[in-house]
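Colleague: Below is one structure. I have some questions about it.
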Number of protein chains: 4
Amino acid sequence: MNFASDNVMGATTPVLEALVRANAGAEAAYGADAVTARIEQRFSEIFEREAAVFLVPTGTAANALALAAAVPPWGLCLCHCEAHVIDDECGAPEFFTHGAKLAGLPGVGGKLAPTTVADYLAGLPSSVKQMPPSALSIAQVTEGGLVYGLDEIAALAQLCHARGLKLHVDGARFANALVALGCTPAEMTWKAGVDILSFGATKNGCLAAEAIVAFDSDLARSLAYRRKRAGHLLSKGRFLAAQFEGYFAADHWLDNARHANAMARRLSAELTALHGVRLAWPCEANEMFVILPRAMDQALKGAGAVYHPWSDKSLAEGDTIGASETLIRLVTSFATRPGDVERFVEVARGAAGREAAA
Amino acid sequence: MNFASDNVMGATTPVLEALVRANAGAEAAYGADAVTARIEQRFSEIFEREAAVFLVPTGTAANALALAAAVPPWGLCLCHCEAHVIDDECGAPEFFTHGAKLAGLPGVGGKLAPTTVADYLAGLPSSVKQMPPSALSIAQVTEGGLVYGLDEIAALAQLCHARGLKLHVDGARFANALVALGCTPAEMTWKAGVDILSFGATKNGCLAAEAIVAFDSDLARSLAYRRKRAGHLLSKGRFLAAQFEGYFAADHWLDNARHANAMARRLSAELTALHGVRLAWPCEANEMFVILPRAMDQALKGAGAVYHPWSDKSLAEGDTIGASETLIRLVTSFATRPGDVERFVEVARGAAGREAAA
Amino acid sequence: MNFASDNVMGATTPVLEALVRANAGAEAAYGADAVTARIEQRFSEIFEREAAVFLVPTGTAANALALAAAVPPWGLCLCHCEAHVIDDECGAPEFFTHGAKLAGLPGVGGKLAPTTVADYLAGLPSSVKQMPPSALSIAQVTEGGLVYGLDEIAALAQLCHARGLKLHVDGARFANALVALGCTPAEMTWKAGVDILSFGATKNGCLAAEAIVAFDSDLARSLAYRRKRAGHLLSKGRFLAAQFEGYFAADHWLDNARHANAMARRLSAELTALHGVRLAWPCEANEMFVILPRAMDQALKGAGAVYHPWSDKSLAEGDTIGASETLIRLVTSFATRPGDVERFVEVARGAAGREAAA
Amino acid sequence: MNFASDNVMGATTPVLEALVRANAGAEAAYGADAVTARIEQRFSEIFEREAAVFLVPTGTAANALALAAAVPPWGLCLCHCEAHVIDDECGAPEFFTHGAKLAGLPGVGGKLAPTTVADYLAGLPSSVKQMPPSALSIAQVTEGGLVYGLDEIAALAQLCHARGLKLHVDGARFANALVALGCTPAEMTWKAGVDILSFGATKNGCLAAEAIVAFDSDLARSLAYRRKRAGHLLSKGRFLAAQFEGYFAADHWLDNARHANAMARRLSAELTALHGVRLAWPCEANEMFVILPRAMDQALKGAGAVYHPWSDKSLAEGDTIGASETLIRLVTSFATRPGDVERFVEVARGAAGREAAA
């Protein structure tokens, strides 16, 4: 019953098999190999257009490199105030951008409204003392597990481009959002106005494989140098590319995401049917943020469930956590088994019953 | 017949098997897993002392992070003028150190003599305009395939410490040097005065696995933050550690290095027996730098041999490459087969014969 | 009637005369001159102890260099959410620290309460993803014109040191705070626990002269290199030092500050006596933040008064600006003449009268 | 008899008078004042075209900011191996560029030949491991006191532009070069292909005043932010601009430079007439590099002459310093008096006589 994150499980069998398959024979080093070439081509097919693709081993690298391409050292990057890039990467964006600033804006469930962004921009002084706003970074799925609709992305993109900002998407859970929306990768990105994307694959079944996909060719220009200089160009580059071969083959990535999302839907449906349990905001992909009685939280932990407590910073205005309640995050993944869900719900139900009886 | 580098081959079977083995079950993310804990302990055993160990996926990251720990942004780092860190990493040390400077000193075959270092240091002005020398970085094996003796390392370390410099070793080919010297890892590092080490494993059989080993605890302090912030802390950290499990088990790493070195010895012995062929400097590990007739170079390439031409910058004074000669680098690895060596020599012999006959 | 800032006026006559006096003859360059040596000694006398002093031409440089000495590239620096360092320097701290992050905390009138700081620190996760808090930067006078009492500084210092943070003071208006408290420079700094100080002189009568005063010798170590490398070591260093000679002679600096504060007291007293005018928070040094009717604001501007509108972000909870009101900042200086104050008040009084009559 | 540098003297009377004149009245801060506006306009007249002008207090700032505008963090900047930017600024270019690399090339007397630059560029690998060459920085006057001819600048510019490099000129002694060539500022810069210039005024009579002049509007774009963020935008900006008012009025700057150059010509002519004294290379502006007997060096120092010993690194091939000789640098300035020259020559002549007699 480990719902701590979608990175607590290993890789899937197809991904591992592709890795082993790619091992044979000599290949040119530093990304000049045939496997990498195939995958770069595959990305273009998936996104239905030419795009510059840069494979890297971690999401932190993907995000920070993408932001560095979009934001000058003296620039400002807007994001949600609980975004991964601002809170969880020990300042990686600041390191890779050489000192740009991240400005965190509020939004329920990690989602930014266009008016929030527009108002913030309107309030900035136009003076050399002010770092000029250069990019907006949103997460799809958001830090709170919400999924931006295509029109919501397009509205943010339009606002960004009208004011000279680039739009970056942190797609650590790209596939989960994609199957949630039931749209194409192209529709969820460049067709909606996204300029540069961190395409995550690690959380959804790979060992350590992410990609920066730059739709704006200006943003692509510096990335080969930036990646090399940051130590993120693997000498045996085939091993990064091979993971994507296994990942993309036969819609494996989409199947993984569909499974994770389905497990989340089931888990949230069963939990919210219990007395005293509610969601902080809707469960739209493979995460849910659950407000539950403290006694239930204790019972679950006592039964060996693993998950993280969460901050109440992005609750809707007026919504609060009661003194006897707590807010937790549950994440499902490609590896979540129905049995894990059932056991978790059973323990919760038991606690709910005791509480109702008390 | 690919002698281009020791990173053109994939990983060994024991390493891949360890990776697959580590895949099962849930593990804490970001290096808090059990596999990583075991490997950090294993490093302490191998080096016969406590040491801070930071696993990273690339050698560029290992070198640049290690140097960033040792050299402040305004500091000077000495190295050989053809060192990997100064020539081949697109400025990674400059990026990670936030703008420190690398000063390249001369030395035959990539090896630095203590007098060269001492004279350079003595010639620096003691003024605030001068970036203060803060570290010396040497490569073991050197860029020219030479191996520093234990006394040579100790002499450099003593000189460094007397002048307040830290000694860093780029051990991309650590195992090849180790078996060449027939000493222990402790003897080749901290017992000789090394402060911080880039411990390479990728070239010698892993997919993408290197470690920074900090013997000086002052240098260790910042590295956890630096690694995270550089995107080199893997979320599924077990996969980095697992490679080392396969690598270290049953002296696999030493066997790999012994094989590579043996192949190099055989290849260099057979080549230098041919008319018109000589070594630029001795072959001491798994690389050789061969001066050969241009006609032989053409014949080898025509037969499908793959290798790189090399610079004559580190030849001994007075030694020169003739107009009809060229200098090449040949690298053997754990995967080099005797048959590759034989075929290469055969082609070379044919060309030598034709030349002698002409 | 220019109350826009204390940097809109030039320098005082004693400062200019000292500059001209220092011009004669040859002097060693780059701060090795006799004038600089005298001034460094003078700082020690003024602060009643040895301290490392680094003269620089701007307050931005003083603040950013001081913070760079106290906060590593991966560190977090706390400050007020409207602090000059976070809002008005185009990211200078981020540039000089190589990417550290500033966290802005709330506080009425720009003043931080120890509980605000303590609560924020307590809420930070202890994880490598979190940039470690390394310093607190407060402004004395605050951005809102308030003056920290000695006990308030000591409480913040104690809290900082208990948690391993350094305490930096942005003393752009150091003299104004000093005469407001009637204490000694030592009492307001190191005796209260301040580790490093930006000592401003430009706003209070110099042309361009600030000093970093490091009481913590660890923090001093890197500053000579950092200053040189940032281009803030003047070649004709005597001109920087000479300004301080004029500034410190015969308590000129204290007289300037006393005058500015007296003008502020008079202006705020007369304004708040008018109908519809109140202070956002007390006037304690040479700035006042005035909430006044929009009609009065228009009348003042119409009469040629120059000043800046201000943000309502640091009002006390519950306090608001009415629809017919506006919040402005007025700053007095060494050069403010009683006549300016009188004319300003007269215009305001006229507008207040018209309003009361309406 | 201080010939140590042209920054050992203070400022000229016209410059100081302009400073005092600019002191009166209130002015907008941060470079928005009327004096700065006038001076920016004046630069356009002097250079006969629109150009973006950024006033800064030091030459280090001017050079480092100009290079940061021209070279990305991963770029390579070529310069002479003894250039001020590579040797004397404690890594300021590395700091401001965020880790770019300076490559030092050889050249007699500090002057770079086009073939040297072209050969170096041709030898660079075209690989992502190689930092891409992005700019060439030359000094006019060179570190060795030579003056590039207009055709020499044009040849370097053409070569740079053909290969995508920007051409930067470090004009710390711009006026000295200008009067030596007898050409216009436009001819010596943008008409010859210069993209960005550090225009020095401090050494030639100001207190602390330099300007970055960007002829390439692409390079100008970031500089306002970079300057602010580096703490080089003065709050009382008028004092920087005022120095230039005094400097430019009535050809004062050209007169200063002509005087300095004339003093240098006289000093070098008289010295080289002495037995055992020769120039390392021609004296073309206000510096001379003199090879003289050690006994004469002792006599001069004994008589109170002040100057620096110099490196023999940029001597012509085959030229060497004898065991009884030494190489020194002598610099004249606007403040050098004929009497200083005479006394210096007299002491030298005495020593030469004793030597000839011995």
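Colleague: Just subtract the alpha-carbon distance of D:GLU187 and D:ALA269 from 0.36 nm times their residue separation and send over the number in nm, one decimal.
Modeller: Gain on extension, D:GLU187 to D:ALA269, equals 26.6 nm.
Colleague: Here is a follow-up. With springs only between Cα atoms under 10 Å apart, run a GNM on chain D and tell me which of D:VAL20, D:VAL56, D:VAL179 wobbles the most.
Modeller: The residue that fluctuates most here is D:VAL20.
Colleague: Report, for D:THR184, each distance to the same residue's label point in the other copies, shortest first and in nm; define the point 7 Å along Cα→Cβ.
Modeller: Result for D:THR184, in nm, nearest copy first: 5.9, 6.4, 7.8.
Colleague: Which one, D:LEU267, D:SER314, D:PHE289, is farthest towards the positive end of the dipole of segment D:266-358 when Lys and Arg carry +1 and Asp and Glu -1 on their Cβ?
Modeller: Looking along the dipole axis, the top candidate is D:LEU267.
Colleague: Under unit Cβ charges (Lys, Arg +1; Asp, Glu -1), what dipole magnitude, rounded to 20 debye, does segment A:88-176 have relative to its Cα centre?
Modeller: Around 260 debye, computed over segment A:88-176.
Colleague: Which residues does a label at B:GLN158 reach in segment B:189-228, if reach means a backbone N under 12 Å from a point 7 Å past the Cα toward the Cβ?
Modeller: Answer for this model: B:193.
Colleague: Tell me whether chain D comes out rounded, prolate or oblate; compute the Cα gyration tensor, take square roots of the eigenvalues as a ≥ b ≥ c, and use a/c under 1.5 as the rounded threshold.
Modeller: oblate
Colleague: Only counting other Cβ atoms within 10 Å, I'd like A:HIS98, A:HIS308 sorted with the fewest neighbours first.
Modeller: Least crowded to most crowded, the residues run A:HIS308, A:HIS98.
Colleague: Could you name the aspartates and glutamates in cross-link range of A:LYS301, using Cα to Cα under 19 Å and dropping any fewer than eight places away on the same chain?
Modeller: A:ASP6, A:GLU270, A:GLU287, A:GLU325, A:ASP340, A:GLU342, A:GLU346, A:GLU355, B:GLU27
Colleague: Can you sort D:LEU330, C:LEU315 from fewest to most other Cβ atoms within 10 Å of each residue's own Cβ?
Modeller: C:LEU315, D:LEU330
Colleague: Along Cα→Cβ, 7 Å out, is where each label goes; now give me the distance between the ones at A:SER217 and C:SER217 in nm to one decimal.
Modeller: According to this spin-label approximation, the distance is 6.1 nm.
Colleague: Given charges of +1 on the Cβ of Lys and Arg and -1 on the Cβ of Asp and Glu, with all other atoms neutral, how large is the dipole of segment C:242-283 about its Cα centre, in debye to the nearest 20?
Modeller: 300
Colleague: Which one of C:GLY59, C:GLY144, C:GLY318 has the biggest mean-square fluctuation once chain C is modelled by GNM with Cα springs under 10 Å?
Modeller: Checking each option, the largest mean-square fluctuation is seen for C:GLY318.
Colleague: As an exercise, use a Förster radius of 45 Å and the Cβ-Cβ distance of C:GLN41 and D:ARG343 to find the FRET efficiency, rounded to the nearest 0.05.
Modeller: E between C:GLN41 and D:ARG343, to the nearest 0.05, is 0.85.
Colleague: Restricting to the protein assembly as shown, compute how many DSSP beta bridges are antiparallel as a %, nearest 5.
Modeller: 50
Colleague: Once the other residues with Cβ under 11 Å from the Cβ of C:LEU292 are scored (Lys, Arg +1; Asp, Glu -1), what is the net sum?
Modeller: Local net charge: -1.
Colleague: In nm, one decimal, shortest first: how far is the label point of C:THR320 (7 Å from Cα along Cα to beta carbon) from the matching points in the other copies?
Modeller: Going from nearest to farthest copy, the values are 1.9, 8.8, 8.8 nm.
Colleague: Pop a pseudo-label 7 angstrom from the Cα along the beta-carbon direction at both A:ARG21 and C:ALA357 and give the gap in nm to one decimal.
Modeller: Inter-label distance under the simple model: 9.1 nm.
Colleague: A further question on this structure: Once every DSSP H run of n ≥ 4 in chain C is given -39500 (n - 2.57) and the sum is divided by its residues, what mean residue ellipticity at 222 nm do you get, rounded to the nearest 500 deg cm²/dmol?
Modeller: -12500 deg cm²/dmol
Colleague: Next question, about the same structure. Please compare each pair in A:LYS313/C:LYS313; B:LYS101/C:LYS129; A:LYS129/C:LYS313; D:LYS101/D:LYS191; B:LYS101/C:LYS236; D:LYS129/D:LYS228 to a cut-off of 21 Å on the Cα-Cα distance and tell me which ones are over it.
Modeller: B:LYS101/C:LYS129; D:LYS101/D:LYS191; B:LYS101/C:LYS236; D:LYS129/D:LYS228
Colleague: Can you compute the FRET efficiency between C:ALA34 and A:ASP251 using 1/(1 + (r/R0)^6), with r the Cβ-Cβ distance and R0 = 60 Å? Round to the nearest 0.05.
Modeller: Result of the calculation: an efficiency of 0.15.
Colleague: Something else: Among rounded, prolate and oblate, which fits segment C:56-186 when a ≥ b ≥ c are the square roots of the eigenvalues of its C-alpha gyration tensor, a/c under 1.5 means rounded, and a/b larger than b/c means prolate?
Modeller: oblate
Colleague: Dipole size in debye (nearest 20) for the protein assembly as shown around its Cα centre, Lys and Arg Cβ +1, Asp and Glu Cβ -1?
Modeller: 0
Colleague: What would the Debye equation give as log₁₀ I(q)/I(0) for the protein assembly as shown at q = 0.05, 0.08, 0.09 Å⁻¹, counting only Cα atoms as equal point scatterers?
Modeller: Log10 of I(q)/I(0), two decimals: -0.42, -1.07, -1.32.
Colleague: Find the chain B residue whose Cβ sits closest to the rotation axis that carries B onto A, and give that distance in whole Å.
Modeller: B:PRO57, 3
Colleague: Test of the criteria: in segment C:266-358, which GluC sites (Glu not before Pro) are in a DSSP loop and have at most 15 other Cβ atoms within 10 angstrom of their Cβ?
Modeller: Passing sites in segment C:266-358 are C:GLU317.
Throughout, read-outs are computed from the coordinates displayed, never taken from laboratory work. These numbers come from a predicted model, not from an experiment. Methodologically, a virtual Cβ is constructed for each residue, glycine included, from the backbone with ideal geometry; neighbour enumeration extends over all protein chains shown.
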